[in-house]
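See structure below.
The values are calculated or read from the model by the stated rules, or taken from the named source; none is laboratory data. All values derive from a computational prediction rather than experimental measurement. Using ideal geometry, Cβ is built from the backbone for each residue, glycine included, and neighbour counts are taken over all protein chains shown.
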Amino acid sequence: MNNILYRERYDEISATIAVGLKVAASLESCYLQGKGLDATQEKIFTEPDYFDAFSHKKPRYYQRIAIDKTIEVIAKGQDRILLVMATGTGKTYTAFQIIWKLFKMS
């Protein structure tokens, strides 16, 4: 009896996850289409961040915004960009993440 209940619950959860993944993929494609990015530009934009296994450091939310906006304008072909951030906000780390994404794509 318990196996049947577990199986039914497993099927419900699997169906929910499948729907969630489809929605996420749809949202991402709508977002990229709304930004006007083609397939090549999309690859640059969706390149994962550099991750250091020892420090487990990830970009902070404002660094993520700066990285994404900078990569977006580079992907669209803009060749001059000024990135301004306050003292102590991780400009070097942010610049490294941008360079890493561009390096991985070239």
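Just a few scattered comments:
- Residue match in segment 91-99 (condition: in contact with a helix residue (DSSP H, G or I) (Cβ under 6 Å, 6 or more places away or on another chain), modelled with pLDDT of 85 or more and of a type in the set (A, V, I, L, M, F, W, C)): yes
- Only one of Ile71, Ile44, Ile67, Ile17 that is among the hydrophobic types (A, V, I, L, M, F, W, C), on the phi < 0 side of the Ramachandran plot and loosely packed, with under 11 Cβ neighbours inside 10 Å: Ile17
- Residues in segment 77-106 that are polar (S, T, N, Q), in contact (Cβ under 8 Å) with a residue 12 or more places away in the chain and part of a loop (DSSP other than H, G, I, E, B): Thr89 only.
- The set of residues in segment 52-76 being at pLDDT 75 or above and assigned to a loop (DSSP other than H, G, I, E, B) consists of Phe54, Ser55, His56, Lys57, Lys58, Pro59, Arg60, Lys76.
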